[in-house]
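All of the numbers you see were taken from the coordinates with simple rules; none came from a lab. Here the structure is a predicted model, which means the values were calculated and not measured. Note that we place each Cβ from the backbone using ideal geometry, even for glycine, and neighbour counts take in every protein chain shown.
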Amino acid sequence: MTIQWYPGHMGKALEQLEELIKRIDVVIEVLDARLPFSSSNHKLAELRRNKPLIKVLNKHDLADPAVTKAWVRDFERQTGVRALPLSARKHADTKPLIRLCLGLVPKRGRPGFPVRAMVVGIPNVGKSTLINTLAGKSIAKVGDRPAVTTATQQIDLRNGIVLSDTPGLLWPDMSDQEGAYRLAASGAIGDNALDYTSVGLFAGEYLLGRYPELLKQRYGLSELPESPHDLMLAVGRRRGMLAAGGVVDLHRASEAFLRELRAGKIGRISLEEPPLDPPVAE
Ligand SMILES: Nc1nc2c(ncn2[C@@H]2O[C@H](COP(=O)(O)OP(=O)(O)O)[C@@H](O)[C@H]2O)c(=O)[nH]1
Ligand SMILES: [Mg+2]
């Protein structure tokens, strides 16, 4: 299965975003901490020019803390880039982000002369959640597709920062099929476009190699299954997902496995580790 992404008007969207970025002081790129590379859009590196960039590794509550630390170190080797793990739903987690924004633009951050910040990122990484938590009220629809970036208004956060109320929408690089599978496993891609079985098997293979003990615990296994297929059969038996004749329904077992993975039920799991190299520019 090849995972596709809507191509839309990517060139135009990038131009718009480039214009918006000219008028702001700090770019806040929201990433999924479980897959900070594949949930990024590598074109942002050019778009931001010399503007400071904060990479927010969101959904840290779901990610492997040791791997997240390695990602932070990896990102901060880039000039002008800071990285911060957090959970966008937690108000307390946004305080270090505010301090970082203010610290990166020392000339601003006063009444009448605020730091102008903007949240950007691919769908489903938690942009709306972060904007709402920062604003202390519901402004951006959670779970919705963001509106076009031209309609942005500034929200005064009353702490020396103003924030665009609409996130800049980026999209993932779907030419990297491994990355596309990781995104699908994380839940970033609409489930109607998904083949649960192939994504489940993909995620199962990664977890068998990287998080075997968590799998054993979650599914009460004394021995590690030998293949992702065997893992899915074990999950299906455990969850009673049987089709006619008592055979495991692989599709439903994979769906259950992915649901539990995405909800963090298997444990704090990251789906990729640094270093990963950006795709070669076209
Ligand atoms: N576990 C967890 N889920 C989150 C977090 N932030 C956002 N989400 C969930 O991720 C989904 C997408 O969030 P949303 O803010 O709509 O993402 P957007 O498309 O980037 O605006 C929603 O179901 C959120 O509740 C977080 O820190 N932890
Ligand atoms: Mg949104």
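Structure values in brief
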read-out: Percentage relative contact order, the chain, counting C-alpha pairs under 8 Å, at least six apart; value: 21
read-out: Restricting segment 197-282 to trypsin sites (Lys or Arg not before Pro) in coil, as DSSP defines it, with at most 15 other Cβ within 10 Å; value: K265
read-out: Alpha-carbon gyration tensor eigenvalues x 5, square-rooted, for segment 10-169, Å; value: 21, 18, 17
read-out: GluC sites (Glu not before Pro) restricted to DSSP loop in segment 1-108 with at most 15 other C-beta within 10 Å; value: E76
read-out: Helical contribution to [θ] at 222 nm, DSSP H n ≥ 4, -39,500 (n - 2.57), averaged over the chain, rounded to 500; value: -11000 deg cm²/dmol
read-out: Dmax and Rg, reported as Rg then Dmax, of the chain (C-alpha, Å); value: 20.0, 71
read-out: Segment 226-263: GluC sites (Glu not before Pro) falling in loop per DSSP and having at most 14 other Cβ within 10 Å; value: E226
read-out: Cα-based shape type of segment 77-122, given that a ≥ b ≥ c are square roots of the gyration tensor eigenvalues and the cut on a/c is 1.5; value: oblate
read-out: Of K12/K141; K12/K59; K55/K107; K22/K59; K95/K265; K107/K141, those spanning more than 25 Å from alpha-carbon to alpha-carbon; value: K12/K59; K22/K59; K95/K265; K107/K141
read-out: For segment 37-49, Karplus couplings with θ = phi - 60° (6.51, -1.76, 1.60), whole Hz, Gly/Pro x; value: 7, 6, 9, 9, 10, 6, 5, 4, 4, 7, 4, 6, 6
read-out: Residue with peak Gaussian network fluctuation, the chain [Cα springs, cutoff 10 Å], from S254, S222, S164; value: S222
read-out: Debye log10 I(q)/I(0) for segment 195-262, one point scatterer per Cα, at q = 0.17, 0.18 Å⁻¹; value: -0.50, -0.56
read-out: Highest average packing first - 79-90, 48-59, 33-44, Cβ atoms within 10 Å; value: 33-44, 48-59, 79-90
read-out: Cut-off 9 Å between beta-carbons: net charge of the residues surrounding P52, Lys and Arg +1, Asp and Glu -1; value: +2
read-out: Charge dipole of segment 34-98 about the Cα centre (unit charges at C-beta), most positive-ward option of T68, P36, A92; value: A92
read-out: Point-charge dipole on Cβ atoms (K/R +1, D/E -1) for segment 195-262, about Cα centre, debye to 20; value: 280
read-out: Principal-axis tilt of helix 10-22 within the chain, Cα atoms, nearest 10 degrees; value: 40
